[in-house]
Every structure is written in C-alpha cells, then in structure tokens.
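J.: First, the structure itself, so that you have it in front of you.
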Amino acid sequence: MQIVVYGAGYVGLVAAACLAEAGNSVTSVDLDKDRVAALRAGRVPFVEPGLETLVTNGIASGRLEFSSNPEEAAGRGTIQMLAVGTPAAFDGSTDESQLMAAAHAIGRGATGSVIVVLKSTAPVGAAERVIDEVRHEFSVRDVDFTAEVVVNPEFLRAGSSVRDFLEPDRVIVGGESQSAIATVASIYSAFTSADRILTMDLASAALVKYASNAMLATRISFMNELANLAEVVGADIAEVQRGIGADPRIGSSYLQPGMGYGGSCLPKDVASLIAVGEVAGATMGVIRAAAEANSLQAHRLTEKLERHLGDLAGRSIAVWGLAFKGGTDDLRDSPSHTLIADLVDAGAVVRAYDPAAGESARRHYADEGDVEIVSSLLETLDGADALAITADWPEFRSVQLAVIASALKERIVVDGRNLFSPMDAAAAGLTYSAIGRGDN
Ligand code: NAD
C-alpha cells in the first residue's frame, strides 16, 4: 500500500517506520526541515528503543522516504495518515490547526482518491472537519476524487512505541464507509489477528481513545490519593496495591502511585474530554476530580522536602529524572518541571540528571540560573542537601543507598517513584520518604 504519514514525531515516525517494515511504501512528512534532514541520514531525533534500526532498514529497502513538503507528498499515496500534534488550546479544548493544515495539503496535493486516516488524538467531530477540508479543496480544484475518513487512534506508550505498534493489544478503526474501514483494517492485519481489530463508527472510535486515557488517569489519581491516605494512617501502599491487584475485576496494571501522570497525552486528553463534556452539557465529575488530584500530586515531593528540611531557601537539591517517566526523553508536562519550579520558587538550587533527556532539558532550563543539568547521577549529589527522585530509570535503582547516604549533607531522599525499600534506606542511614509507604 502507498501511505503518506503527516508528522514525524513520536507517533508518526513509529507508524511510518513500522508500516514500511511491513512492506508498504511510506512517505513520512514533517514541516520541520532539520528533522527531515536528520531522518534522511538515518538519525532519529528522539529516544525510542528500536526505532533507529527500523528507520535505517526502511531507507535501505527504499520503502521509507522523507519529505518536508506536505502538498507534494500528498501525491504519493492513497492512504493519508495524520499523526500531527493536537495540543491543548488555552481553554483545555483541542487545537486542531495542525490537522487542518495537513488536511488542506492533502486536498491541494492528492493526485487521486484518498482515505484519510486520523491517527492523531482528536475529539469527536474532528474527523468530519478534516474530511470536509479535503473535499472542499478537491472541489476548488474541480477534480472528481473521493475522500473518505477513518478514525484510527494510537495507543502506543513512549519508551515501548515500536513494540506497541508491531504487537498491538487492539486496533480501533472507525468510519462511515465499510470499504474504507476494510482497507485500513487490512493494513493492520500485518501486525495482529482479525479479532483484535475492532471496527465501529467515527464518534465511538474517537471516544475510545479519550475514554482509555481518562480511565488510566483516573486509576493513577485514585491510587495517588490512596497512597497519600496510607502515609497518614500508617499503611503501606505497596501492600494495598498487591491486595487489590490480585482481584481480576481490578487487575494489577496502572496501580503504581507516584508523582502524578504527565507526558504529552494524559494531561491534554483529560483536559480535552472535560472541555468536550462542557460543550455537550455532561458533568464529567469523575475525570475532573482525577485531574484536580493530579495537579496536587506533583507538589508532594516539595511538601516532603519542606517537612524534613524546613525553609528550602539556599538549599541544594539533587533531582533524578526530568522526562515524565523513565525510558523516554519526552519533557512535555513532566511532573519534574513542577517540582523544579517549586524548588526554584522556594529559593533552592537544583542539580538534575536524566539518562535520556539531558540535552533537551539543558535547552529547556537555559535561562534558569538556579537549575544545572549535569551528565551523571553522582554529580547531582555533590554538595546536595537532599535527593528527589521523579522518574523510574533502572539506572537509578542500581545506585547503592550507602553511596547516596554518604554524599548527601542531610541524608534525605524523597522518592516520587518508590524505587527503594524503606527498610533498606533506613538501614543505610537515610531519611527516606516515598509515596504511600510511611514517612520516616
Ligand atoms: P509530536 O509533537 O512529537 O509530532 C508532531 C509532528 O508533526 C511534529 O514533528 C511537527 O513538526 C509535525 N507537523 C505539524 N504540522 C504538520 C503538517 N501540517 N504536516 C506535516 N507535519 C506536521 O506529536 P506526537 O507525540 O507524535 O503526537 C501526535 C499525535 O498522536 C497527537 O495527537 C497525540 O495526542 C497522539 N498520541 C501521542 C502519543 C505519544 O505517546 N506521544 C500516543 C498516542 C497518541
């Protein structure tokens, strides 16, 4: 199949590389010329395990090409897949401008009938707006091409995107035309069995994506609230998690308490669902509460540091983790930013490290004199009063607690990811405060 993928970000590039690997001829288009130049040379501009190999293979096989000209690229495929950004607008609703720009380019540049596949996360109604734009441009050009739209949301997780795309749990294909649905479903038959390809109408397919992310966000906020309660009543959230996770009606995933959800998807998708509910006159009370709990959770480590250190002015705090979780360099909506902003506001200085996000974090904090991004874990501890852990990298767990204890002036560790055993930490002489596991 000839496929054009708009947007060579986390979703679009993974989709393009995996679709090329499966034997399709794929053009990956991005407006960012530097990104396209790097990709043509086989360099992936972000961290995603396995992706660079797939990109290199795709280029070598001739099945994966790159373009920075959407209108010209539109002529290269019958399947036009949109994986551009859909950021939150100022009021939490979804900014669809990148989608509409890509739709415009398809309408102007396509050289035959097309199926537009909406892979970006976009609210109910966006698919209709996108296809109206394509059809409008076809009518302006006075061509008799047809344009169908299919909603095919992406569920991949940063850090395991390639595997998630190649071995999906389920694929959602929503549309109005059965033939368009069948065509798009056939593309995914290379990756999964027919029973895992769920077909439905456009609106339901769009809502599946938001419902999935809202459910995950709610689970995370629920566990974070329970963890906060566990701390006060002397329970251990890890035991509570083990107990409820053993119930098959609940299941054991997404029960890990922490600093709250972040990243490029959950916060904006939750905000978008709330905004859609507002317009539709639906209260969305549960998901509003989940968002509210999440915004408080990101400040938990600051509160813990203040409890143990008192006034933070003049203190030096080591921070491990800058991206929103381990395994990725994605800094978007990272709880670590909230912590660092709190610390700087309180007059502390920060020395931070992230195994993957160091370079982008250096650019992010370039104007912030009180934040230094260093190149190794142990460098952060140099002269630090306390350590705050915000991400779950295996590298963090491998450091011996005794090493941390001997390096920190005040021997205080606040751990937003529960990486260590409180007993081991106490044995190493640390004051260790994790999430929901007592507060020594
Ligand atoms: P991203 O910001 O990493 O990439 C988007 C890319 O689109 C950018 O490189 C940008 O230059 C490019 N672009 C913008 N307008 C364009 C146009 N008109 N033509 C061609 N390229 C254009 O975004 P992402 O994280 O890959 O997310 C893309 C979509 O997928 C979003 O809707 C997001 O909500 C959704 N999604 C993301 C994830 C994730 O983990 N990142 C997971 C599932 C779904």
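The values are calculated or read from the model by the stated rules, or taken from the named source; none is laboratory data. Every value quoted in this text rests on a predicted model; they were computed, and no experiment measured them. All Cβ positions, glycine included, derive from the backbone under ideal geometry; neighbour counts span all protein chains shown. Ligands, DNA and RNA are excluded from the accessible area calculation, which covers all protein heavy atoms including side chains. Shrake-Rupley method; radii C 1.70, N 1.55, O 1.52, S 1.80 Å.
J.: Using a 1.4 angstrom probe on the protein heavy atoms only, could you order W320, W393 from most to least accessible area?
T.: Accessible-area ranking of W320, W393, largest first: W393, W320.
J.: Further question: Take R163, R411 and sort them by solvent-accessible surface of the protein heavy atoms, 1.4 Å probe, largest at the top.
T.: R163, R411
J.: Straight-line reach from K304: which aspartates and glutamates fall under 15 Å, measuring Cα to Cα and dropping same-chain residues less than 8 apart?
T.: The reachable aspartates and glutamates, counting only those whose Cα sits under 15 Å from K304, are E231, D342, D385, E410, D415, D439.
J.: Of all accessible surface on the stretch 284-440 at a 1.4 Å probe, what whole percent is carbon and sulfur?
T.: 49
J.: How big is the chain by Rg and Dmax over its Cα atoms, in Å?
T.: 23.5, 77
J.: Measure nothing but the geometry: give the 0 to 90° angle between the long axis through the Cα atoms of 10-21 and the longest principal axis through the Cα atoms of the chain, rounded to 10°.
T.: Rounded to the nearest ten degrees, it is 50.
J.: Using 7 Å Cα-to-Cβ label points, what is the K33/D144 separation (nm, one decimal)?
T.: Once both label points are built, they end up 4.0 nm from each other.
J.: Evaluate the charge dipole of the chain about its Cα centre and quote only its size in Debye, nearest 20, assuming +1 on the Cβ of each Lys and Arg and -1 on the Cβ of each Asp and Glu.
T.: So the magnitude is around 700 debye.
J.: Something else about it: On a C-alpha basis, how far is the centre of the stretch 350-425 from the centre of the stretch 179-234 in Å? Whole number, if you could?
T.: Cα centres, the stretch 350-425 to the stretch 179-234: 33 Å.
J.: By accessible area of protein heavy atoms, probe 1.4 Å, what ranking do T380, T218, T283, T199 get, highest first?
T.: My answer, sorted largest first, is T283, T199, T218, T380.
J.: How many Å² of accessible area per residue for the stretch 198-278, probe 1.4 Å?
T.: 45
J.: Which percent of the accessible area of the stretch 124-167 is formed by carbon and sulfur heavy atoms (probe 1.4 angstrom)?
T.: With neighbouring chains kept in place, the figure for the stretch 124-167 is 45 percent.
J.: If I ignore ligands, DNA and RNA and count only protein heavy atoms, how much of C265 is accessible to a 1.4 Å probe, in Å² to the nearest 10?
T.: Surface accessible to solvent at C265 totals approximately 50 Å².
J.: Please build a GNM for the chain, connecting alpha carbons under 10 Å apart, and tell me which residue among D269, D164, D424 fluctuates the most.
T.: The residue with the greatest mean-square fluctuation here is D424.
J.: OK, next. Once the mean 1/r over all distinct Cα pairs of the stretch 1-87 is inverted, what Kirkwood radius in angstroms do you read off?
T.: 12.3
J.: Round to the nearest 10 and report in Å² the accessible area of S376, as given by a 1.4 Å probe over the protein chains' heavy atoms.
T.: That residue has around 40 Å² of solvent-accessible surface.
J.: Just the accessible area for V114, please: 1.4 Å probe, Å², rounded to the nearest 10?
T.: Here the accessible area works out near 10 Å².
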